[in-house]
Amino acid sequence: MIDPKLLRTDPDRLRRSQAARGESVELIDQLVAADDARRSSIAAYEALRAQQKELGKLVARAKGEEKAAVLAQTKELVGLVKAADAASADAAQTFDALIRQLPNPVFDDVPLGGEDDFTVVSTHGTPRDFAAEGFTPRDHLELGELLGAIDMERGAKVSGSRFYFLTGQGAMLEFALINLAMAKALQWGFTPVIPPALVKPSAMEGTGFLGQAAQDVYHLPADDLYLVGTSEVALAAFHSEEILDSASLPRQYVGYSPCFRREAGSYGKDTRGIFRVHWFDKVEMFVYCDPEQAHAEHQRLLEFEKEFITALELPFQVLEVAAGDLGLSAARKYDCYGWLPTQEKYREVTSTSNCTEFQARRLNIRQRDNAGVRPVATLNGTLCAMTRMIIMILENHQQADGSVRIPPALRPYLGGAEFLTPIS
C-alpha cells in the first residue's frame, strides 16, 4: 500500500497516477475523506480516554456528594469511550479497505495509455531472413513434435486444454535453461531458493495478486491456499513481518518454481502450442533494497535479463510498459519481447518491475539503521519463463531439416550437443 502521508502531502500525485492508469480519480477524494474521519475518530477517542483517566484520579480523592457525581460522570464516560472506540475501529476499517484498492503510484514519466501504448526502449539483434536461407520456418509446435519434445495431445488428455508434456529433448532443454539461469544468477550474487508453490491468502494479498489479478489465480478452498502465478509471491512474503538490518541490503534471491495461471479472458488467444498455458516453470529474481536504491536495482535486473537473452542469441526488444497496463504493485515495468519468426513479431518473454515500498508496506517488511525503522523497496524480474524461452529457441535456431541449433551457452548443460535432432 502507499504511505498514508501522501494523501495529506501530495494527493495530486495520486490523482495523476490514477488518471494515467485509467483508474478512478474519485478514489483519492474518498481516501482523503476517510483519512480525515479516521484521524478525527482517533483524536476523539484519545480525548475521551484522557478525560476518563483524569476522572479516575478524582474518584480516589473525592468524598460524599462530590464522589457520587464523579462516579456518575465516570459511568457516563464508559459508554462514550466504548462508542468512540467502535467508531474509530469502523473508520480505520473503512480507510484500510479503500487504501488497499489503490495501486502503487506510477512514476510521472511512465508512458501513458494501455496495452498497446508501450515505448520501445531498445532493439537487440537482427531477425533471420528465412526466405534468403531458402525455407519457410516451422512454428514451435511442429518443431516440438518433430523433435519428440512437446506433446499437447497427451497434455490435454491428462489435464485439459492449455496443458502439455515436455518429453525427451524438450525436457532436457528445460533442465539446461534452468541450469544456465541459476549459474548466471549465482555469478550475479543471487541466493538460490526453491519456494513453495502454495501460499496463504496474506501472501497473495500482500503482493497485490488478489485485486485486479484475482481472476487468474487458482484457489484451493478446502485449505484456503493459493497456487502461485509466479514465485515473486513467495519470495516477497519470505521476509514478511520482519525488520532487516540495513547493512544486509540489498538482498537478492533467485527462485525456481512452477507457476499456475487461469488465463482468464484469454479465450481464443494463443491456443496453439505452449505460448499461453495454465502451468509453466520459471526462474525469477527478487530484490529487497533501500528505496533510494530501487531505480538502480531495477536497471540492474533489466541488464541481467538482457544478458541472459543475448546469451541465447535471440533477437529482442526492451519495452517500457504504459501506465494503464501496469499491475497493482508496479510503479514502473520493463518487458523484453523476443522475435517470433512464424508470427513475424516480438512477443513477451521476460519482465521486471519496480514495486517501490508498496509490497513491503502491505507485508510489513522494514529495515533498521541509525535513522530508525522504515519500509524497504521490492523488485522482481523474470530470468527465464521456460515455455516461452523454449519457443524462442526452437523457432529462432531451427534448421531446414527440422533440427535446432543449440546456442553455445546452453551446450555445457546438454552434454556438449550442438543440435536438437528430429526423432524420425
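Counted without the sites themselves, the longest stretch of the chain free of trypsin sites (Lys or Arg not before Pro) in a DSSP loop having at most 12 other beta carbon atoms within 10 Å is 64-268. Between beta-carbons, use under 14 Å as the cut-off and find the net charge around residue 145, counting Lys and Arg +1, Asp and Glu -1. With Lys, Arg at +1 and Asp, Glu at -1, the neighbours total -2. Across the alpha-carbon atoms of region 154-255, the computed radius of gyration and Dmax are 16.9, 52 angstrom.
Cα centroid separation, region 125-194 to region 354-424: 13 Å. In order along region 337-342, the phi-based Karplus estimate (6.51 cos²θ - 1.76 cosθ + 1.60, θ = phi - 60°) of 3J(HN,Hα) comes to 10, x, 6, 10, x, 6 Hz; Gly and Pro are listed as x.
In the chain, the calculated helix contribution to ellipticity at 222 nm averages -13000 deg cm²/dmol per residue, counting -39,500 (n - 2.57) for every DSSP H run with n ≥ 4.
Legend: calculated FRET efficiency, residue 368 to residue 271, from the Cβ-Cβ distance at R0 = 51 Å, rounded to 0.05, equals 0.50.
Computed about the Cα centre, the dipole magnitude for the chain is approximately 1280 debye when only Lys and Arg (+1) and Asp and Glu (-1) carry charge, each at its Cβ. Going 7 Å from the Cα of residue 299 in the Cα-to-Cβ direction, what parts of region 185-227 have a backbone nitrogen less than 17 Å from that spot? Once the point is set 7 Å along Cα→Cβ of residue 299, nothing inside region 185-227 turns out to lie under 17 Å by backbone N. Between residue 10 and residue 405, the FRET efficiency estimated from the beta carbon spacing at R0 = 41 angstrom works out to 0.15. 3J(HN,Hα) couplings calculated from phi for region 374-388 with the Karplus curve 6.51 cos²θ - 1.76 cosθ + 1.60 (θ = phi - 60°) are, in sequence order, 7, x, 8, 10, 10, 9, 9, x, 6, 8, 7, 8, 4, 4, 5 Hz; Gly and Pro show x. Look at the dipole of region 308-364 built from charges on Cβ: of 342, 314, 358, the Cα furthest out on the positive end belongs to 358. The HN-Hα couplings worked out from phi for region 161-175 by the Karplus form 6.51 cos²θ - 1.76 cosθ + 1.60 (θ = phi - 60°) are 5, 6, 10, 7, 10, 9, 10, x, 5, x, 5, 5, 5, 5, 4 Hz, whole numbers, x standing for Gly and Pro. Across all C-alpha atoms in region 5-99, the radius of gyration and Dmax reach 20.0, 68 Å. Placing a pseudo-label 7 Å from each Cα along the Cα-to-Cβ vector at residue 223 and residue 194 gives an inter-label distance of 1.7 nm.
Magnitude of the charge dipole for region 5-99, about its Cα centre and with charges confined to Cβ atoms of Lys, Arg (+1) and Asp, Glu (-1), is about 440 debye. Compared with the alpha-carbon gap, the fully stretched path from residue 82 to residue 47 is longer by 11.3 nm at 0.36 nm per residue.
Positive-end ranking of 94, 30, 48 along the dipole of region 5-99, with charges on Cβ about the Cα centre, is headed by 48.
Taking every alpha-carbon pair within the chain, the share separated by more than 32 Å comes to 46 percent. Toward the positive end of the charge dipole of the chain, with +1 on the Cβ of Lys and Arg and -1 on the Cβ of Asp and Glu, the farthest Cα among 123, 243, 141 is that of 243.
When only Cα pairs under 8 Å and 6 or more residues apart are kept, what is the percent relative contact order across region 119-420? RCO, region 119-420: 23 percent.
When Lys and Arg each count +1 and Asp and Glu each count -1, what net charge do the other residues less than 10 Å away from residue 396, Cβ to Cβ, add up to?
Numbers: positive: 128, 405; negative: 313, 395.
After counting each charged neighbour, the total is 0.
The magnitude of the dipole of region 240-283, with charges of +1 and -1 set on the Cβ of Lys/Arg and Asp/Glu and taken from the Cα centre, is near 440 debye.
Report the net charge of residues surrounding residue 240, where surrounding means a beta-carbon distance below 12 angstrom and charges are Lys +1, Arg +1, Asp -1, Glu -1.
Details: positive: 200, 361, 362, 366; negative: 205, 241, 242.
So the surrounding residues net to +1.
Among the listed pairs 306/345; 200/282; 5/333; 157/333; 157/184; 282/345, those with a Cα-Cα distance over 30 Å are 157/333; 157/184.
Every number here is computed from the coordinates shown, using simple stated rules; none is lab data. All figures in this text were calculated on a predicted structure; none of them were measured in a lab. Cβ: placed from backbone, ideal geometry, glycine included. Neighbour counts: every protein chain shown.
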